[in-house]
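Below is one structure; the comments refer to it alone.
The values are calculated or read from the model by the stated rules, or taken from the named source; none is laboratory data. Source: prediction; values computed, not measured. Cβ coordinates were reconstructed from backbone atoms using ideal geometry, including for glycine residues, and neighbour counts include every protein chain displayed. With ligands, DNA and RNA removed, areas are computed over all heavy atoms of the protein, side chains included. Shrake-Rupley method; radii C 1.70, N 1.55, O 1.52, S 1.80 Å.
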Amino acid sequence: MLPPSPAGRFAPSPSGDLHIGNLRTAVLAWLFAHATGRGFAIRMEDLDRVRPGSDVRQLRDLAALGLSWDEPVVYQSQRLEEYRAVVDELVAAGRTFECYCTRREILEAPSAPHAPQGAYPGTCRDLSEAQRAQRRSERPAAIRLRAEVSSFTVHDLLYGEFTGDVDDFVLVRNDGTPAYNLAVVVDDAATGVDQVVRGDDLLSSAPRQAFLATLLGHRPPEYAHVPMVLNRSGARLAKRDGAVTLTDLAGHGVDAASALSMMAESLGLAAAGEPVTLSVLAERFDPSTLVRTPWVFVPPE
């Protein structure tokens, strides 16, 4: 079997309609992929927080902006066996341990000097078998990676070299659900995704994911963490901020084409009110000149 072709991707959680910030990131992911001759994949990260029908509406809105993608759309909920196989290999290699800590216990536990807030303090790392048996009787275990490093460096197209903390992060939650950091690494490697374009609020997670990819024998993807879209208060845009989805915007006379033009203007790819298409944006797109500041979006009233 031939290896998957190189691709970029957009990976939403189907928990509701995409807002204009999500859609802008999807457009950027498509533009980065197109500019480098890659394919473009869509992955639904539906391991939790799923609202029925959201995936269909999200794909509809992406298509309304002119985005196309390689089929099939990947659903994480259909890949549980693949995640379990990877975890089983790590367990067999002694690269994991069971953890019985609650989030509160982790936050309240003493941590190593200079460790970031919420970093895992190693409470369950070296428990004896008797101690593990006792803790298992109290609550189910999560599975954590025995990281063996404290940091890892990635290269980001916009941020350059970025070194971030790597702790013994969760691979499988205590309810048996594969954790985000595991699933995205396994999925990207399996589907040929070697370029990850996403919001810069996720930059801090890249070192963990790149480290795990390396541990599993994969080359980490090329990263580009792009500026966020903020509300008038300077916080990350959310659906509660008003007319921010395509459906809501349409109710204020802003159709998908106009929304795309607004995004293009915010990226310095179009003049105010200029009609554009994705094909036009692809001709103008140059990652080296990408606007690096957040876009403050004011919804119509």
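One residue stands out among those in the stretch 151-169 that are out of contact with any Gly (no Cβ under 7 Å at 6 or more places or on another chain), open to solvent by less than 50 Å² (accessible area, probe 1.4 Å) and not in a strand (DSSP E or B): the one that is nearest to VAL196 (Cα to Cα), which is LEU158. Against the conditions (1) in contact (Cβ under 8 Å) with a residue 12 or more places away in the chain; (2) part of a loop (DSSP other than H, G, I, E, B); (3) farther than 26 Å from ALA92 by Cβ; (4) not charged (D, E, K, R), PRO110 satisfies every one except (1). Residue pairs whose Cβ atoms lie under 7 Å apart, separated by 6 or more positions or on different chains, with the first residue in the stretch 187-203 and under 22 Å from GLU71 (Cβ atoms) and the second among the β-branched types (Val, Ile, Thr) and open to solvent by 40 Å² or more (accessible area, probe 1.4 Å), are GLN195/THR36. Does PRO178 count as closer than 30 Å to LEU281 by Cβ and within 16 Å of the chain's Cα centre (by Cα)? When the stated conditions are applied, PRO178 does not pass them.
Condition first: surrounded by 14 or more Cβ atoms within 10 Å (Cβ to Cβ), assigned to a helix (DSSP H, G or I) and without any contact (Cβ under 8 Å) to a residue 60 or more places away in the chain. Now tell me which residues in the stretch 85-103 satisfy that. Result: VAL91, single match.
I'd like the residue in the stretch 47-69 that is more than 25 Å from ASP255 (Cα to Cα) and surrounded by fewer than 18 Cβ atoms within 10 Å (Cβ to Cβ) and, out of all such residues, is modelled with the highest pLDDT.
Taking the stretch 47-69 and keeping what is more than 25 Å from ASP255 (Cα to Cα), we get 47-50.
Those still in the list that are surrounded by fewer than 18 Cβ atoms within 10 Å (Cβ to Cβ) too: 48-50.
Numbers: ASP48: 90, ARG49: 84, VAL50: 93.
Residue satisfying both the conditions and the ranking: VAL50.
Being in contact (Cβ under 8 Å) with a residue 60 or more places away in the chain and among the basic types (Lys, Arg) is true of ARG38. Scanning the stretch 184-233 for residues that are open to solvent by less than 40 Å² (accessible area, probe 1.4 Å) and of a type in the set (Asp, Glu) yields ASP187, ASP188.
The residues of the stretch 229-271 that are among the acidic types (Asp, Glu) and either assigned to a helix (DSSP H, G or I) or in contact (Cβ under 8 Å) with a residue 60 or more places away in the chain (or both), listed by number, are ASP241, ASP248, GLU265. Does the stretch 278-293 include one or more residues that are in contact with a Gly (Cβ under 6 Å, 6 or more places away or on another chain) and β-branched (Val, Ile, Thr)? Checking the stretch 278-293: at least one residue is in contact with a Gly (Cβ under 6 Å, 6 or more places away or on another chain) and β-branched (Val, Ile, Thr). Does at least one position in the stretch 113-134 carry a residue that is without any contact (Cβ under 8 Å) to a residue 60 or more places away in the chain, assigned to a helix (DSSP H, G or I), in contact with a strand residue (DSSP E or B) (Cβ under 8 Å, 6 or more places away or on another chain) and not hydrophobic (A, V, I, L, M, F, W, C)? Yes, the stretch 113-134 contains at least one residue that is without any contact (Cβ under 8 Å) to a residue 60 or more places away in the chain, assigned to a helix (DSSP H, G or I), in contact with a strand residue (DSSP E or B) (Cβ under 8 Å, 6 or more places away or on another chain) and not hydrophobic (A, V, I, L, M, F, W, C).
Quick one: in the stretch 2-14, which of the residues that are modelled with pLDDT of 95 or more, part of a loop (DSSP other than H, G, I, E, B) and over 12 Å from the mean Cα position of the chain (by Cα) is surrounded by the most Cβ atoms within 10 Å (Cβ to Cβ)?
Here is the first cut: in the stretch 2-14, the ones modelled with pLDDT of 95 or more are 6-14.
If we keep only those that are part of a loop (DSSP other than H, G, I, E, B) as well, we get 6, 11-14.
Narrowing further to those that are over 12 Å from the mean Cα position of the chain (by Cα): 6, 14.
On the way: PRO6: 16, PRO14: 22.
So the residue we want is PRO14.
Listed here are the residues, each with its yes/no results for (1) at pLDDT below 95; (2) of a type in the set (Asp, Glu); (3) outside the structural domain of GLY37 (by the TED database); (4) in contact with a Ser or Thr (Cβ under 8 Å, 6 or more places away or on another chain).
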position: LYS239; (1), (2), (3), (4): yes, no, no, yes
position: ASP248; (1), (2), (3), (4): no, yes, no, no
position: GLY273; (1), (2), (3), (4): yes, no, no, yes
position: ARG292; (1), (2), (3), (4): yes, no, yes, no
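Evaluating LEU182 against the criteria (1) assigned to a loop (DSSP other than H, G, I, E, B); (2) in contact with a helix residue (DSSP H, G or I) (Cβ under 8 Å, 6 or more places away or on another chain) leaves one unmet condition, (1).
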